[in-house]
Amino acid sequence: MEKTNKANKMADQPIGRLMLSMGFPMIISMMMQALYNIVDSAFVSNMPVGGEMALNALTLAFPVQMLMVAIGVGTGVGTGALLSKSLGQGDNKKVNTTAGNSLLLGFIIYVVFALFGIFGVRFYVSTQTVNPEITEMAVVYLIICFCISVGIVYFSLTEKLLQSTGRSAYSTIAQLSGAVINIIFDPILIYGLFFFPEMGIVGAAAATVLGQIGSAAIALFFHFRYNKEIKNGVKYLKPSGKIIKQIYSIGLPAIIAQALMSIMTYGLNVILVRIDEAAVTAYGLYYKIQQFVLFAAFGLRDAITPIISFNHGMRDKKRIRQGIKFGMLYTVIIMAVGFAALELFAAPLASVFGLSGETQALCIQATRVISLSLIFAGANVAYQGIFQALDGGLESLVISVLRQFLFVLPVAWFFSNFAVKDSSLTWLVWLTFLIAEGLSFIIATLFLIRINNKRIKTIK
């Protein structure tokens with residue numbers, strides 16, 4: 001009976017209401033994920049000794065952390081979309097094998113991350129700074145985050161298993177629980193409160209992985225307890241080349257999309273350090289602040305994709321089009337609110353981190369200029385979710401490459417040449433994002449027109 005009710009909800013509930021009921025918990029979940037990074041930065045930057053250097057270390061660590069999340073989330077996106085479509089088609093065997101293979105992939109991904117944590121992080125950090133104190137802080141932080149990454153990996157996968165069956169509220173509870181654990185333990189472990197020793201940046205890393213493990217444990221419990229449409233067992237863990245290929249045919253563009261965020265941030269760190277280390281820190285902080293807004297678009301995208309994918313499996317042309325319409329409408333509203341908030345509160349947000357005068361001024365400047373691109377950025381994220389749901393992995397990948405690489409790094413490098421000579425022109429580098437997102441939006445719109453003609457109009 002539960003399966004029938006769930007199928008009716010995905011197939012029959014008005015799309016606008018369905019997207020809100022599924023999307024709101026996902027938005028909260030993603031915003032809590034962004035909160036991890038903001039909370040760490042706020043507490044670390046206010047350390048009595050070496051706060052700004054520790055903040056710089058977190059900025060250098062952030063791109064490779066994003067890469068770690070990209071692989072976990074992308075695998076989850078592929079799993080969730082394939083599972084939703086299989087549910088729509090009524091293929092129970094494929095549903096079970098998809099979920100089982102996802103959990104197997106999680107173990108393999110964790111082993112790879114742990115090996116990188118042991119052997120690769122020092123080289124990675126050394127490519128961005130020659131400051132020995134910042135290097136050591138970043139290396140220690142990353143070793144802990146990668147070697148104990150089992151939490152973030154399995155939460156990323158289990159979250160999508162819950163969302164793909166419409167139980168996004170449970171994934172949100174798990175995400176919120178992890179965020180609360182992180183927020184509680186950050187000051188305790190960083191500053192040495194109660195009976196704990198003062199651990200500094202090591203404490204920040206420990207609090208982060210504790211929160212991730214808490215989220216994963218709760219999400220796994222909810223999956224095994226409430227995802228009755230999915231049967232779990234050792235036999236479903238047996239690798240299926242066909243299923244894994246299908247997971248990554250959908251998920252690989254999502255991995256690349258988020259990995260490009262990592263590459264873009266890393267590349268901008270290298271470009272901005274030519275101007276000033278303060279510019280690197282300022283951009284790193286702005287990026288974490290704006291994630292709180294942009295991750296809301298990611299959360300809504302995670303509702304757009306299974307809804308459209310499910311109805312694509314049922315070949316319901318009308319509901320596919322409604323999914324596209326409401327997905328874009330809600331995304332634009334969220335981004336408009338986020339844009340207004342960042343413009344109004346740029347200075348108070350920057351002041352939270354205890355920055356020096358120059359760094360704080362650059363952070364405010366970056367916030368006010370880069371946030372001009374948010375509405376285009378949100379629309380592009382929604383487009384990518386729509387493309388993934390309609391088997392448009394290539395189109396999604398192209399938009400990712402354009403908006404997070406091809407239209408960013410070359411343009412930013414060009415503008416940075418002026419800022420190197422005159423640091424008052426650093427705002428030109430921030431303008432890069434408006435150019436990149438605007439051009440990508442135009443191309444994504446053309447892609448959607450083509451997909452509509454070839455894959456939606458032809459549904460009978």
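Among Leu372, Pro348, Val150, whose Cα sits farthest toward the positive end of the charge dipole of the chain (+1 at Cβ of Lys/Arg, -1 at Cβ of Asp/Glu, about the Cα centre)?
Comparing the listed Cα positions along the dipole, Val150 ranks first.
In debye, nearest 20: dipole of segment 249-358 around its Cα centre with unit charges on the Cβ of K, R (+) and D, E (-)? Walk me through the numbers before you get to the answer.
Values: 9 positive and 6 negative charges, 181 e Å.
The dipole of segment 249-358 has a size of about 880 debye.
Please list Glu343, Glu159 in order of solvent-accessible area, largest first, computed with a 1.4 Å probe with all protein chains present.
Working: Glu343 50, Glu159 0 Å².
Ranked list, largest accessible area first: Glu343, Glu159.
Each residue of segment 280-289 in turn: what ³J(HN,Hα) in whole Hz from Karplus with 6.51, -1.76, 1.60 and θ = phi - 60°, glycine and Pro shown as x?
So the Karplus estimates, Gly and Pro as x, are 4, 5, 4, 5, x, 5, 4, 4, 5, 5 Hz.
So, taking all protein chains as they sit and a 1.4 Å probe, how much accessible area belongs to Tyr236, in Å² rounded to tens?
For Tyr236, solvent-accessible area is about 40 Å².
Using alpha carbon coordinates only, what is the Rg to Rh ratio of the chain, with Rh defined as the Kirkwood radius?
On the way: Rg = 21.5 Å, Rh = 22.2 Å.
Using Cα coordinates only, the ratio equals 0.97.
With a 1.4 Å probe and all protein chains kept in place, how do Cys147, Cys363 rank by accessible area, largest first? List each step's numbers first, then the result.
Working: Cys147 40, Cys363 0 Å².
Result, largest first: Cys147, Cys363.
Rounded to the nearest 0.05, what FRET efficiency do Asp422 and Arg225 give with R0 = 41 Å and r taken as the Cβ-Cβ distance? Could you check? Let's see the in-between values first.
On the way: r = 60 Å, r/R0 = 1.47.
So, using R0 = 41 Å, E works out to roughly 0.10.
Over the residues of segment 269-419, compute the C-alpha Rg and express it relative to 2.2 N^0.38 Å.
1.21
In square angstrom, what is the accessible area per residue of the chain with a 1.4 angstrom probe?
Numbers: 17500 Å² over 460 residues.
Ligands and nucleic acids excluded, the figure is 38 Å² per residue.
Return the subset of Lys160/Lys245; Lys94/Lys460; Lys242/Lys454; Lys231/Lys457; Lys228/Lys325; Lys94/Lys318 for which the Cα-Cα distance in this structure is over 28 Å, preserving the input order. Each step should come with its number before you reach the end.
Values: Lys160/Lys245 18 Å; Lys94/Lys460 25 Å; Lys242/Lys454 26 Å; Lys231/Lys457 35 Å; Lys228/Lys325 31 Å; Lys94/Lys318 26 Å.
Listed pairs above 28 Å: Lys231/Lys457; Lys228/Lys325.
Please name whichever of Ser102, Ile134, Ser171 sits farthest to the positive end of the charge dipole of the chain, dipole taken about the Cα centre and charges placed at Cβ: Lys and Arg +1, Asp and Glu -1.
Checking the options against the dipole of the chain, the answer is Ser102.
What nm value, rounded to one decimal, do you get for the distance between Val180 and Lys457 when each label is placed 7 Å out toward the C-beta?
5.2
What ratio of Cα Rg to 2.2 N^0.38 Å holds for segment 1-117? Don't jump to the answer; show the numbers that get you there.
Values: Rg = 19.6 Å, N = 117, 2.2 N^0.38 = 13.4 Å.
That works out to 1.46 for segment 1-117.
What is the extension gain from Leu115 to Lys318, computed as 0.36 nm multiplied by their sequence separation minus the C-alpha to C-alpha distance, in nm to one decimal?
Values: separation 203, 0.36 × 203 = 73.08 nm, distance 4.80 nm.
Gain on extension, Leu115 to Lys318, equals 68.3 nm.
Which of the listed residues, Ala217, Ile275, Ala34, is farthest toward the dipole's positive end in the chain, when Lys, Arg count +1 and Asp, Glu count -1 at the beta-carbon?
Final value for the positive-end residue is Ala217.
Which value, in Å³ per residue, describes the convex hull spanned by the Cα atoms of segment 323-391?
Values: hull volume 6.0 nm³, N = 69.
Convex hull of Cα atoms, per residue: 87 Å³.
Can you give me the angle between helix 409-421 and the longest principal axis of the chain, using Cα atoms only, in degrees from 0 to 90, rounded to the nearest 10?
Value to nearest ten degrees: 10.
Taking the Cα centre as origin and putting +1 on Lys and Arg beta-carbons and -1 on Asp and Glu beta-carbons, what dipole magnitude results for the chain, to the nearest 20 debye? Don't jump to the answer; show the numbers that get you there.
Details: 34 positive and 21 negative charges, 591 e Å.
For this selection, approximately 2840 debye.
Ignoring ligands, DNA and RNA, what percent of the accessible area of segment 374-460 is carbon or sulfur (1.4 Å)?
Working: 2770 of 3720 Å².
That fraction is 75 percent.
Taking the Cβ of Ala207 as the center, what net charge do the other residues with Cβ under 10 Å away carry, scoring Lys and Arg +1 and Asp and Glu -1?
Working: positive: none; negative: Asp40, Asp186.
Taking every other residue near Ala207 into account, the sum is -2.
Heavy atoms only, probe 1.4 angstrom, no DNA, RNA or ligands counted: give me Thr445, Thr432 ranked by accessible area, highest first. Spell out each step's value before the answer.
Numbers: Thr445 45, Thr432 0 Å².
So the residues, ranked largest to smallest area, are Thr445, Thr432.
The values are calculated or read from the model by the stated rules, or taken from the named source; none is laboratory data. Here the structure is a predicted model, which means the values were calculated and not measured. Methodologically, a virtual Cβ is constructed for each residue, glycine included, from the backbone with ideal geometry; neighbour enumeration extends over all protein chains shown. Remember, those area values only see protein heavy atoms, side chains included, never the ligands or the DNA or RNA. Shrake-Rupley method; radii C 1.70, N 1.55, O 1.52, S 1.80 Å.
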